[in-house]
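Structure first, commentary second.
The values are calculated or read from the model by the stated rules, or taken from the named source; none is laboratory data. All values derive from a computational prediction rather than experimental measurement. All Cβ positions, even for glycine, are placed from backbone atoms using ideal geometry, and neighbour counts span all protein chains on display.
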Amino acid sequence: MDHLPIFLNITDQKCIVVGGGDSAEGKITLLLKANAKVRVIASDLKSSLLDLKEKKVIEHQIRPFSDEDIDDCKLVIAATDNLDLNRKVSESAKRKNIPVNVVDCPELCTFNMPSIVDRSPVLIAVSTGGTSPTLARIIRAKLEAMLPQSYGRLADLINGFRDKSKSSNTDREKRRQFWNKIFSSPIIELFLSGREKDAKEEIQKEYDSINANHQSYGQVCLVGAGPGDPDLLTLRALRLIQNADTIVYDRLVFPSILDYARRDAEMIYVGKKSALHTVPQDQINQTLVDLAKQGKMVVRLKGGDPFIFGRGGEEVELLIKEGISFQVVPGVTAASGCSTYAGIPLTHRDYAQSCTLVTGHLKDGSMDLNWECLVQPKQTIVFYMGVANIERVCGGLIKHGMPGSKPAAIIQKGTTKNQKVYIGTVSNLAEIVEKNDIKPPSLIIVGEVVNLHRKLGSSNLDRIL
């Protein structure tokens with residue numbers, strides 16, 4: 001890290017700007033927004049700055065710069081077209097240990113002016129260390145689009161409860177758990193959707209409940225992590241992961257997604273492979289309950305979507321029984337994500353008017369499928385967890401009337417940089433699995449839409465990855 005990012009309080013503090021042109025105007029405007037007392041030293045001012053002078057918003061002195069000008073000031077900005085003058089201002093400020101910024105001259109600066117996302121009192125500063133102001137502005141624009149204007153009002157609302165929370169609860173960890181619960185609850189969504197009064201009332205209820213010594217459990221959030229690519233996380237999923245006290249995750253969660261968690265978050269791995277369960281499902285369910293009863297904000301992180309072959313329903317049933325607050329955050333399921341990255345649309349007006357998602361094995365390891373329904377024409381079938389039973393899957397389809405020539409594909413490690421797509425037919429898919437030693441996580445797609453991979457596949461993958 002080349003610079004230490006800090007936020008400086010310059011309210012009612014004297015700040016000096018040397019220069020009165022376009023470059024100076026932007027800096028002066030920024031200083032005024034931060035409530036500084038701005039003195040401008042320049043031979044002349046552009047018209048917009050003259051208006052500020054006439055309104056006594058800024059002080060203007062028409063004379064050459066001297067060392068004494070910066071005595072007792074908070075910071076200095078040099079914004080002239082004269083490099084020698086800019087250097088003189090910089091050296092003078094450095095001698096007196098006053099922070100100085102010289103426009104477009106990083107080597108003369110002791111601090112840089114960042115691009116700013118202003119949601120006061122929430123502020124986000126983006127800096128490239130003076131190497132590329134344009135890149136900083138582009139990043140700022142992306143952040144502007146992501147952050148609602150109401151975040152500033154949200155910070156003010158929370159601040160109204162902060163002092164009361166401190167005085168009523170001296171346990172720092174419990175206060176953090178309280179606010180984590182608030183920020184991961186629907187209350188925040190309520191506020192951001194414009195129902196600010198309702199949100200305030202709900203926070204007050206939570207606060208009153210704690211002060212009344214009511215038993216207060218944490219919350220469990222079942223969060224879909226998507227099929228692999230971290231960029232497919234939803235914004236809500238990302239926010240919950242970042243706030244979690246504990247993350248309970250499985251094998252299909254891409255490792256870099258875990259990097260979004262807090263450094264002090266507890267990480268519990270409960271991954272499973274086909275027929276090899278690291279932790280039994282009943283034990284996972286109970287673990288979620290136990291953690292929530294400790295007051296923790298728990299994220300149960302699952303590959304794909306929690307309610308599509310993710311056993312989220314089983315976990316929620318116990319949470320309801322135990323009176324644990326929960327929420328479910330959908331994720332991009334493997335059928336959608338992997339097929340898209342492979343260039344295989346699941347539906348197409350010419351080939352498939354329906355799509356069926358099927359699990360390749362049941363809880364006891366058996367497979368009990370409605371074969372007659374699966375072999376109907378004009379549909380796409382997606383098999384989850386079917387590689388281990390590939391011979392039974394393909395044999396069952398052919399036995400019940402599906403042509404062996406029906407196009408089929410296997411997508412291994414879909415949406416990741418290690419994605420591989422194997423194209424074949426129902427009759428030779430088992431052979432492809434054996435020949436290439438294909439292992440989970442893999443997805444099987446059966447249907448005429450598979451033929452579109454030749455047209456859409458490679459260019460789509462290059463574009464996305």
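Some notes on this structure:
- Taking the criterion of being in contact with a Pro (Cβ under 9 Å, 6 or more places away or on another chain) and either assigned to a loop (DSSP other than H, G, I, E, B) or among the hydroxyl-bearing types (Ser, Thr, Tyr) (or both), the residues of segment 339-355 that qualify are SER339, TYR341, TYR351.
- Segment 124-138, residues that are modelled with pLDDT under 85 and of a type in the set (S, T, N, Q): THR131
- Test for ASP72: is it in contact with a Lys or Arg (Cβ under 8 Å, 6 or more places away or on another chain), part of a loop (DSSP other than H, G, I, E, B), surrounded by fewer than 18 Cβ atoms within 10 Å (Cβ to Cβ) and in contact (Cβ under 8 Å) with a residue 12 or more places away in the chain: yes
- So SER354, is it more than 39 Å from the chain's Cα centre (by Cα) and of a type in the set (Ser, Thr, Tyr): no
- Residue within segment 356-365 that is outside any loop (DSSP other than H, G, I, E, B), of a type in the set (A, V, I, L, M), farther than 26 Å from GLN412 by Cα and in contact (Cβ under 8 Å) with a residue 12 or more places away in the chain present: no
- Scan of segment 182-206 for residues that are modelled with pLDDT under 75 and surrounded by 14 or more Cβ atoms within 10 Å (Cβ to Cβ), ordered by number: SER184, SER185
- Listed by position, the helices (runs of 4 or more DSSP H) enclosed by segment 384-465 that each have at least 1 residues that are farther than 21 Å from TRP371 by Cβ and not charged (D, E, K, R) are 429-436, 453-464.
- Only one entry in VAL299, VAL328 is touching a residue at least 12 places away in the same chain (Cβ under 8 Å), of a type in the set (A, V, I, L, M, F, W, C), farther than 17 Å from MET385 by Cβ and in contact with a Pro (Cβ under 6 Å, 6 or more places away or on another chain), namely VAL328.
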